[in-house]
Structure formats: structure tokens, C-alpha cells
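Enquirer: One structure coming up, written as C-alpha cells, with questions to follow.
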Amino acid sequence: MERLTAHWAILGKTPESLDDYSVIRCSSGAISNAEFGMWLKAFTSGTMEPKALPRVATSYFAADGEPWLGLSLQREPDSQDGFHRPYAMTYYVCVRWADVVAGPSTVSYRALYEALAEEDFSGDAPFGLSLAAYDERHLADQVNGTARRAAALLLTGRPVCVVRAGHLPPDRRLDFLDAVAALLPYGFRHTLAVSTWTNSASRHRIRLSFAEVPPTHGAWELPWEADDRPASFPPQALLYEKELERYQGDDLCDLVGWLGTLVEPRDFDDVSHRAAASRLLRGRASDRGTAYGGQSVVRPPKPSVEQLLHQCRESIAHAEEQRLGALTAQLAERARDRVTDQDRKTYRVFIRANPIRPPERLSGSAVVRDFFEILLRLLYAAPMHAADVEEMLVDLGGQRRLEHGLSPALLAAMSKLLPASAPSGRLLIAYLQGPEHLHKVLAVMSEDELCHVAVRSRNRKVLEIVITEADRRALPTDPRGMEAVRYALARHRYLIEAISSICAAEESVVRYQDVLWVGHRRYLTSADIKEILADLDSPPRTFLLAIMTLGAPGTAPALLHTMAGGTMRELSMTGTPVADTVKAGLDRMLARDGGGDGRMARYRRRAGLGRLAPASTLGKALAGASIVLVAAAGALALWLWP
Amino acid sequence: MADTDSAPGDPERGREPDIAMWGASGSGKTAFLAALSIALNKSRDAGWRLIGENAVSRTELAKLRNTLLQARTFPAPTEALTHYSWMIIGPAETRRRWWWPWTARAARAPKIKLDFLDLRGDLYAESESNIDKKALVDSLVKSRGLIYMFDPDREARVGDAFKHLDAALHEVAGRMLVGDEYEDGKLPHHIAVCITKYDDPRVLRIAMEGGFTERDPTDELRIPHVPPDRVRDFFRLLCQEAHDHNTEMILDLIEAFFHKDRIKYFVTSSVGLFIDEDLGRFDPDDYLNVIDNAGGGLTIRGAIRPMNVMEPVLWLGQMLRPGAIGSGRWNG
Ligand SMILES: Nc1nc2c(ncn2[C@@H]2O[C@H](COP(=O)(O)OP(=O)(O)O)[C@@H](O)[C@H]2O)c(=O)[nH]1
Ligand SMILES: [Mg+2]
């Protein structure tokens with residue numbers, strides 16, 4: 001006997017109602033009335049037909065990222081709605097997938113159905129279902145040629161519709177559906193919707209069902225107990241069917257038992273999962289042939305990583321340190337195996353859906369810390385980068401912001417991973433642990449390394465840390481420190497790659513300003529501008545704007561000349577007649593008495609207005625500068641906004 | 001085990017329905033579809049037929065027909081989006097060339113393929129994430145014909161037609177009208193607005209007392225009917241009689257969303273009025289065709305004589321498949 005918590009709902013009508021079917025009662029808690037309604041209706045498979053009742057169907061869904069498995073029973077109508085139409089009530093239970101696979105034995109559809117039938121669907125508390133253990137003997141007894149073929153055809157990814165079986169009582173049909181599922185790795189039940197009857201005119205999502213006629217498109221039509229295999233039978237399905245045919249009697253029973261232990265969630269829509277199923281079966285056959293000398297041996301089932309995680313989560317919640325220790329050891333073993341990126345993603349989804357929050361009294365526990373350490377190894381590839389750390393905050397901390405407090409055990413686990421992390425990951429981990437930790441990590445990094453991390457990681461927080469640190473190091477009182485920072489920034493192109501990929505335009509300008517200021521600590525001189533731009537190919541426009549915000553008085557000509565020079569260099573126009581013309585134009589623009597256009601100046605001169613009234617040198621300088629600035633701004637406008 | 005009717009790459013694959021049924025729960029959508037084949041058979045120009053285009057649609061058609069004709073009751077409440085691919089075949093017409101009228105060309109039967117989508121009335125009220133609703137809105141966006149069912153009886157009792165239609169229209173308009181494709185801001189569909197259950201005394205009485213009915217001199221059964229040019233006014237009156245004040249706005253709502261020349265109003269009944277065979281004509285004191293039975297359900301009492309069930313469909317058929325129907329014989 002297995003005990004599982006089940007949530008439940010009734011889809012139906014109230015007598016005399018003028019409305020469509022809706023959830024008229026449901027359990028309170030994990031799943032809302034609206035969600036129940038949505039999932040129940042999403043898996044309806046056509047208007048009820050009295051001859052097809054009772055109808056049993058299964059479905060699956062995810063609520064808050066957590067997968068659930070559901071089973072419904074539609075009973076014969078016994079009342080009428082407001083239009084005098086008889087209506088049928090559907091009784092539905094659903095259980096967490098994680099609970100189904102965590103127990104000592106898995107659960108068959110029949111077991112779930114029988115447990116449902118026991119319940120009275122009153123009150124609003126979830127049920128505690130008592131489920132019969134997985135009965136491989138009973139399941140194996142139900143297997144016939146049609147079941148084998150149905151299982152094989154499901155592995156093509158297309159739905160299977162069994163026809164010419166209208167004479168079978170609903171009970172037999174349910175057993176058949178269960179038997180087909182039992183001929184596939186159990187994990188496929190994760191995305192398997194079956195039904196003892198569907199109407200093919202409805203657009204339903206049932207993958208395996210009985211019907212009067214098959215749907216017009218997409219599904220396999222499988223006549224009940226018909227032997228001949230048509231020509232279009234796909235070879236991969238043929239292989240699986242043949243493989244299954246090799247098992248009879250006790251062997252078949254063992255096979256079903258073994259498949260029942262393969263509980264990692266599998267998706268029929270994933271071609272790799274389907275292919276893996278065929279490989280598994282073949283692999284088992286060859287194992288049996290060699291290692292066990294033809295004798296079938298059921299290997300002790302190895303719990304899946306999700307199962308282990310689920311159990312760890314429970315033992316943390318109940319503060320069972322000893323159990324957690326044992327589970328962590330098993331988990332560590334799994335973490336040593338090859339873990340693919342796809343696996344990691346699955347585990348992370350699982351953890352996100354089942355957050356682990358150690359209670360207060362475990363906050364200093366070394367066992368919990370070890371668990372987190374293994375968990376981090378499972379969830380993220382080594383070495384950890386800044387992006388991983390940020391992912392981790394979402395996966396484990398449930399937040400995007402770094403500043404929020406994390407469990408001390410998790411922090412401790414992270415510090416153990418610190419040495420093996422990438423520099424960017426190290427910075428973020430240290431940052432999370434507090435200022436002293438961060439200083440320690442920063443202290444051993446050269447200016448060059450700092451800039452390198454900022455550019456490589458393209459991570460906002462890392463950038464912020466690096467700029468702050470550069471600012472701290474480039475003290476005006478320490479010329480060597482400043483020199484080192486300036487040099488490193490120049491070598492790493494003023495962090496342009498990082499800033500331009502992280503920040504929007506306005507923020508970029510501010511960031512470049514910071515970078516330029518840290519490196520120079522003064523308004524930029526003409527020499528600075530030339531030096532900065534000399535080594536940069538196509539600096540972004542935001543960078544040029546930042547230079548303008550920091551240019552010292554009188555540096556506009558230098559800026560314009562450098563920009564023009566750089567552009568011509570890039571366009572390979574240096575030395576051409578056009579380059580000369582540009583240079584002449586720039587000289588004219590920047591000439592002290594330049595300003596209005598040439599004709600105007602000539603006119604003024606002719607009219608004797610060319611000579612300026614006496615003025616202070618400063619005034620003249622200012623006037624000249626402003627004219628130059630206007631001209632420069634005009635030229636810039638042309639250059640920046642082509 | 002052939003992959004049923006068609007291979008991948010078949011242009012028919014995943015074809016979206018042309019005509020979607022709209023209307024609240026119980027407004028008579030499914031009953032209307034069930035009556036369609038009977039209506040075609042009984043039409044005055046005999047020779048119309050409705051056939052299923054594939055095994056699924058054939059089976060469903062037979063089930064619907066049998067519900068009315070054999071079980072003599074109404075279909076069960078619809079649970080899921082249901083898709084029927086049907087074909088309407090008209091009487092073969094012998095056609096003469098205007099320039100050579102002495103010999104007739106081989107007879108050709110008009111054929112219209114029509115796919116219908118029957119649904120739960122409350123689907124629009126459901127949340128965005130509902131998969132069925134998404135499928136529904138997707139196919140509505142692709143469909144070009146709508147049969148909108150207005151049930152005066154339901155309106156008098158609950159009065160939620162406005163809410164339903166408003167939600168549905170906004171859903172579809174939200175998807176179709178935001179772009180530039182329909183510059184005039186109207187939906188491209190043709191819509192047949194059907195007042196249902198005309199045989200119900202609560203509807204027929206309003207029509208007769210309001211002076212909307214006439215007798216067709218050629219009809220020996222002397223059934224009172226609402227002439228086509230008065231249907232819109234009758235509809236307006238029914239909307240005013242409704243339980244909910246908003247219902248009054250339905251007509252404006254429809255006319256705001258659709259081109260005036262793509263709206264047509266019909267007064268329909270899926271089962272028709274009871275006619276005492278001995279009397280042989282309409283009896284104002286005995287025309288109830290739907291009666292309670294011992295089991296608490298409903299039974300259809302006499303012959304099924306659908307009224308204006310074929311007409312909206314053929315009108316839509318002609319609008320959606322111009323040229324499929326040669327002459328205008330049926331709509332005269
Ligand atoms: N008197 C009468 N009742 C009808 C007619 N059509 C439908 N009904 C009634 O309305 C109910 C609902 O019809 P149905 O077609 O199932 O509505 P749907 O929910 O819109 O599909 C039926 O069960 C009948 O009781 C009709 O033409 N005349
Ligand atoms: Mg219906």
C-alpha cells in the first residue's frame with residue numbers, strides 16, 4: 001500500500017443549470033478551481049456518449065512548474081441541466097509526479113482508479129489515497145499483441161487510436177491502457193494522456209485511446225487484435241514490438257517490473273527520449289544474454305536524481321540530518337556520473353518547483369552544507385561563471401536580486417566551490433558572502449585580470465564590482481596605481497565590449513564616463529583624447545559622447561581631427577585627395593574667425609564689418625571657443641548621425 | 001493501420017473550419033447542426049444532401065441525425081471543441097449555354113465543402129492560457145463564416161448573450177484588427193444571426209402578438225413565418241424583451257463589428273412546429289413539438305420540419321464559395 005496526497009475536483013453541472021460544464025467542487029490548496037477547470041477541460045475528449053460511460057482518462061499538467069498526474073472518471077448521467085439535457089459528472093484526482101515516483105513502488109492507472117472510486121468527494125480537504133502497489137503480474141497478464149503494437153507505435157511520437165473494440169467493457173479497456181503504459185519506461189506516464197473512449201471529431205489531446213473511428217489526421221489507427229501489420233508500419237516501431245515479443249510469462253513480468261523502475265520523466269514529444277526507450281530495451285536484452293546467461297534478473301532499482309532530491313527536500317524539511325547524510329552520499333555518486341546539460345536543466349526546473357529552504361535550526365548544519373555543495377555540482381557545470389551564480393540565485397534563492405540573504409548553509413557550500421569557480425563566478429560568490437570576502441578575492445587580482453573578467457563575463461554586477469575596484473585603486477595620490485589602471489583599461493578597450501552589451505545607450509554614456517574618469521581623474525586634454533582614440537577602431541557613438549562630456553576647454557579641434565583621422569584610417573582614405581579636402585575643411589571650420597559661411601564672411605569684410613570691436617582677451621577667447629564649438633557640434637552631428 | 005485518410009503534405013491536413021458556431025450554452029448550436037441534414041432533405045427543391053467528408057464526420061453526422069430522428073430527442077451538452085467536415089451537395093442542374101440553347105450540357109451538382117466548429121458556449125470567458133480557447137480563437141481568425149445563435153428563451157431567463165458575444169468579438173477583433181490588414185476596422189466574416197427555437201411558444205407568441213408573422217400563400221401547412229425584411233426588427237424586439245438591459249445593444253454590437261452587407265438575420269427552429277397530420281395545417285392551439293417525457297427529458301413529438309436551418313448555411317456557402325452554387329434557385 002502506498003499513501004499519496006491527492007487533490008481533487010468535480011467537473012459537471014448543477015441540476016437545472018443553464019451553464020456549460022464547470023468545476024462545481026474541488027479540494028482547496030495547491031490547485032485552484034480555475035486551474036482545475038482549465039486542465040480538466042483541456043483534456044476532455046469529446047461529448048459523452050452513454051454507451052462509452054463510465055469513461056476513465058488520465059492527464060498531466062504543470063502547476064507552478066511542478067508536474068502533476070491526473071485521472072478522471074466520468075459517470076453515467078443521473079440528472080438534467082436547465083435545457084433538460086442529461087449531463088455527466090467527472091470525478092478527478094491528481095497527484096504530484098514527484099510523489100508518485102518517490103515512493104517505494106510506482107502507481108498504475110488501475111490503482112489510481114480504484115483509489116478514486118473509494119472516495120466520496122466531499123468536504124474540501126485533499127484525499128489521502130491508499131494505492132495498491134504496482135502489480136507487474138496483473139499488468140503483464142493484460143499484455144496482448146495489440147498492447148505491444150500500441151506501445152511500439154507510441155514511440156513514433158504520434159497518438160494511437162484503438163478501434164473495433166467497442167465490445168470491451170470499460171474495465172478491460174482501462175487495463176489495456178495500463179498494460180501499454182507498462183510496456184514503456186514508467187517515466188513516459190509523465191506526459192501520457194489516455195482514455196477509455198474518445199470522440200475523434202473533438203480536437204483532443206489524448207495520446208492513446210479507444211474510439212469508434214480514428215481521427216482524420218495524425219493518429220495511428222490500430223484495430224483490436226488484428227494480426228496483419230500494414231506495409232507502412234514504421235521500422236523503429238517494428239523493432240520495439242519485436243523486442244517486446246521476446247518476453248513471455250515470468251520474463252514479461254520481470255520486464256514490466258523493470259520498466260516500472262525507470263521513472264525519470266520522459267516526454268513523448270522528445271525524439272531523443274523515444275529513441276532512448278528503444279535503446280534501453282535492446283540494452284537489457286543484451287545484458288540478459290551475456291551477463292546473466294539468459295536468466296532474467298531484476299536489478300535493484302536505482303532511484304532517479306529527482307527522487308533523491310525529493311527525499312532530500314523532505315528530510316531537510318523534517319530536519320532529519322542522518323537521512324539527509326545518506327541521501328547526499330547517493331546524490332554525490334550520481335553527480336560523479338556524466339551529467340548532461342539537459343539533465344542539469346531538468347534538475348534545476350525540479351528545484352525551482354520544489355524550493356529547498358532549510359529550517360532555522362539547520363542553519364549551521366554541515367550535512368546541509370554538504371548537500372548544497374553536491375546540489376550545486378549537479379545543477380551547474382564546473383567551473384561556475386557569473387551567469388551560473390545568477391541562475392543559482394533564481395533556482396535556489398527564488399530571486400533575481402543579489403542583495404537578498406541566502407541560507408547560511410548554501411553560502412558555506414558556495415565558499416567550498418569558490419576555488420573551482422571561474423573568476424567571474426568567484427567575484428559574485430564572494431560578493432554574496434560579504435565585503436571582506438570580496439576584498440580577499442579582489443586583492444589577488446591584477447588590474448589586467450579585473451578588466452579581463454569584466455569584458456569576458458559581460459555581467460552587470462561583475463562590471464560594477466570591477467569599476468568600483470578600479471576607482472578604489474586609481475588614487476590620484478598614487479601615480480603608479482593610476483597608471484596601472486589606465487593602462488589596463490586602455491588594453492581592454494575601456495570595457496567597451498562589456499558595457500555596450502550590458503547597458504542601454506544612456507547608461508552606456510554614464511558608464512564610459514566612469515571608466516574615463518577613473519583612468520584620468522581630470523577633464524581630458526587634447527593629448528588624452530588623441531591617445532584614447534588612437535587605438536580604438538570604430539568606437540561606439542556612446543563612447544564619443546562620453547568623451548565630449550569630459551573634454552577640457554579647447555579640445556574640440558583635437559577631437560574633430562582625431563575622429564576624422566580615425567574614420568579615414570578605417571575607410572583607407574588616408575593620403576587620398578579626399579583626405580586632403582577634409583583636412584582643409586576642418587582647418588577652415590576651426591579657423592578662429594570662421595563661423596558663418598564663407599560668402600557671408602566675404603560680404604562682411606567688404607562692408608567693413610569684419611573688424612571686431614575691442615574686447616577683453618577672455619571675451620574674445622570665449623567667443624572664438626563658442627563659434628568653434630558650434631562648428632564642431634555641427635560636424636559631429638553629421639558624423640554621429642549619418 | 002494506414003495513416004487514415006491522408007498523407008502528410010496533404011493540403012487538406014489541418015484545414016481550419018470555415019464556419020464556427022457562436023452562442024451561449026444551450027442556445028441550440030448542436031441541435032442546429034443535427035437538423036441540417038434533415039433540413040436539406042426536406043427542402044422544397046428536393047435533392048439536397050449533406051454528407052460527411054471523412055469517416056469521423058460521417059459517423060458524427062449519423063449520430064446527430066439519429067438523435068433527432070430515432071431517439072427523438074436533443075444532443076447531449078457539448079464538452080469539447082468539435083470539428084465536422086461536411087459537404088453539401090445540391091440537385092444536379094442541367095445547364096444550357098446561352099449561345100447554344102438547343103442541347104443541354106451534362107448535369108452538374110453544386111457542391112460546397114463546409115467545415116463546422118461546434119464548441120462550448122463559455123469558452124470565451126476562460127483565461128488566456130486555456131489551450132482550447134487558443135485553438136478556438138486561432139481557427140476563428142482563419143474562418144470566414146459565423147453562425148450566431150440567439151436564444152430568446154435563455155435571454156429572457158439569464159440574459160448573458162451580450163456578455164458572451166462581447167467577449168467573443170473582442171477576442172477575435174483583438175487578434176485581427178490590430179494590424180493594418182482590415183483597414184475599415186471591421187471583421188471580414190459573414191455572419192448569419194439566427195434567432196433559435198422559433199417553435200417554442202415563448203418565441204412564437206411574441207412574433208405573433210408583435211405582428212411580425214405572415215402566412216406564405218404557397219404553404220399549404222399555413223405555418224406563420226417572419227418575412228425576411230422584418231427579421232431584424234423582430235430581433236431588435238427580442239433583445240429589448242431580454243432579462244438584461246445590455247442585450248439591447250447586441251444588434252449595435254454586431255453591426256459595429258461586421259460589414260452591414262455581410263450580416264443576415266434568420267428566424268430558425270431546428271425541429272419546427274407540430275402539425276397534426278389529420279388536420280394537415282398549423283393549429284394555433286396545438287403546435288408544441290417539444291414535450292416533456294416521463295424520464296424528465298424532452299421528446300420531439302411529431303415530424304421534424306427544420307425552419308431556416310438550411311438557408312443560413314447555404315447563404316454562407318454562397319458567400320464563402322462563390323460559384324459553387326450555380327443558380328439562385330434555393331434562395332428565391
Ligand atoms: N423548442 C426547441 N428547443 C430547442 C431547439 N433547439 C435546441 N433546443 C433546446 O435547447 C437545448 C440546447 O440545445 P443545444 O443544441 O444542445 O445547444 P448548444 O449548447 O448551443 O449546443 C436542447 O436540448 C433543446 O432543449 C429548437 O429548435 N426548438
Ligand atoms: Mg452544443
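Enquirer: Tell me, what % of the accessible area of the protein assembly as shown is carbon and sulfur with a 1.4 angstrom probe?
Expert: Accessible surface attributable to carbon and sulfur in the protein assembly as shown totals 53 percent.
Enquirer: Enumerate the amide H contacts of B:Phe212 below 5 Å, restricted to partners 5 or more residues apart or on another chain; note that Pro and chain-start residues carry no placed amide H.
Expert: Here the answer is none, since no amide H 5 or more places off falls under 5 Å of that of B:Phe212.
Enquirer: Shifting gears a bit: Chain pair A, B: how much accessible area is buried, both chains summed, with a 1.4 Å probe, in Å² to 100? Show your work: numbers first, answer last.
Expert: Working: alone 31530 and 16510 Å², together 44090 Å².
Buried area (both sides, nearest 100 Å²): 4000 Å².
Enquirer: Under the Karplus relation 6.51 cos²θ - 1.76 cosθ + 1.60, θ = phi - 60°, what is the ordered set of whole-Hz ³J(HN,Hα) values for the stretch A:522-535, x standing for Gly and Pro?
Expert: Listing the rounded values in order: 6, 4, 6, 7, 4, 5, 4, 4, 4, 5, 4, 7, 4, 9 Hz.
Enquirer: Kindly provide the chymotrypsin sites (Phe, Trp or Tyr not before Pro) of the stretch A:506-538 that DSSP labels as loop, not H, G, I, E or B, and whose Cβ sees at most 16 other Cβ atoms within 10 Å.
Expert: A:Tyr523
Enquirer: Further question on the same structure: What residues of the stretch A:76-96 lose no less than 50 Å² of accessible area with every protein chain in place versus their chain by itself (probe 1.4 Å, heavy atoms only)?
Expert: A:Phe83, A:His84, A:Arg85
Enquirer: What's the Cα-based Rg to Rh of the stretch A:138-298, Rh via Kirkwood? Mind dumping the intermediate values first?
Expert: Numbers: Rg = 15.2 Å, Rh = 15.9 Å.
Here the Rg-to-Rh quotient is 0.96.
Enquirer: Please give the Cα centre distance for the stretch A:142-182 versus the stretch A:532-588, rounded to the nearest Å.
Expert: A separation of 76 Å, based on Cα centres.
Enquirer: What is the calculated FRET efficiency for A:Ala382 to A:Asp448, with r their C-beta to C-beta distance and R₀ = 22 Å, to the nearest 0.05? Show your work: numbers first, answer last.
Expert: Details: r = 24 Å, r/R0 = 1.11.
Using R0 = 22 Å, I get an efficiency of 0.35.
Enquirer: Amide H neighbours of B:Leu114 under 5 Å, at least 5 residues apart or on other chains, H built in the peptide plane: list them.
Expert: Amide H to amide H, under 5 Å and 5 or more residues apart or across chains, B:Leu114 pairs with B:Trp86, B:Met87, B:Ile88.
Enquirer: Continuing with this model, one more query. With charges set only on the Cβ (+1 for Lys and Arg, -1 for Asp and Glu), what does the dipole of the stretch A:138-298 come to about its Cα centre, in debye to the nearest 20?
Expert: Its charge dipole is roughly 420 debye.
Enquirer: What is the ratio of the Cα radius of gyration of chain A to 2.2 N^0.38 Å, where N is its residue count, to two decimals?
Expert: On the way: Rg = 36.4 Å, N = 642, 2.2 N^0.38 = 25.7 Å.
It is 1.42.
Enquirer: For the stretch A:261-272, just list the computed ³J(HN,Hα) in residue order, Karplus coefficients 6.51, -1.76 and 1.60, θ = phi - 60°, integers in Hz, with x standing in for Gly and Pro.
Expert: With coefficients 6.51, -1.76 and 1.60, one gets 8, 8, 9, 4, x, 10, 10, 5, 7, 9, 5, 5 Hz.
Enquirer: Under a crude label model (7 Å from the Cα following the beta-carbon direction), how far is A:Leu475 from B:Arg108 in nanometres?
Expert: Simple spin-label model gives 9.7 nm for this pair.
Enquirer: Given H placed on each backbone N at 1.01 Å, which residues far from A:Ser202 in sequence or on other chains put an amide H within less than 5 Å of it?
Expert: B:His83
Enquirer: Anything losing 40 Å² or more of accessible area from the isolated chain to the full protein assembly: pick those residues out of the stretch A:205-246, probe 1.4 Å, ligands and DNA/RNA ignored.
Expert: A:Arg205, A:Val213, A:Thr216, A:His217, A:Glu221, A:Pro230
Enquirer: Per residue, how much accessible area does chain A have with a 1.4 Å probe, in Å²? Mind dumping the intermediate values first?
Expert: Working: 29570 Å² over 642 residues.
Accessible area per residue, chain A: 46 Å².
Enquirer: Residues of the stretch B:64-81 with accessible area at least 20 Å² lower in the all-protein-chain context than alone (1.4 Å probe)?
Expert: Residues meeting the cut-off: B:Ala76, B:Pro77, B:Thr78, B:Glu79, B:Ala80, B:Leu81.
Enquirer: If you don't mind, another one. Computed over the Cα atoms of the stretch A:2-134, what is the ratio Rg over Rh, Rh following Kirkwood?
Expert: That ratio is 0.97, to two decimals.
Enquirer: At A:Arg229 and A:Ser122, where each label point lies 7 Å from the Cα along Cα→Cβ, what is the point-to-point distance in nanometres?
Expert: 5.4 nm
The values are calculated or read from the model by the stated rules, or taken from the named source; none is laboratory data. Being a predicted model, the structure only gives us computed values, none of them experimental. Cβ atoms come from the backbone with ideal geometry, glycine included; neighbour counts cover every protein chain shown. Each accessible area value is taken on the protein alone, full model and side chains, heavy atoms only, with ligands, DNA and RNA left out. Shrake-Rupley method; radii C 1.70, N 1.55, O 1.52, S 1.80 Å.
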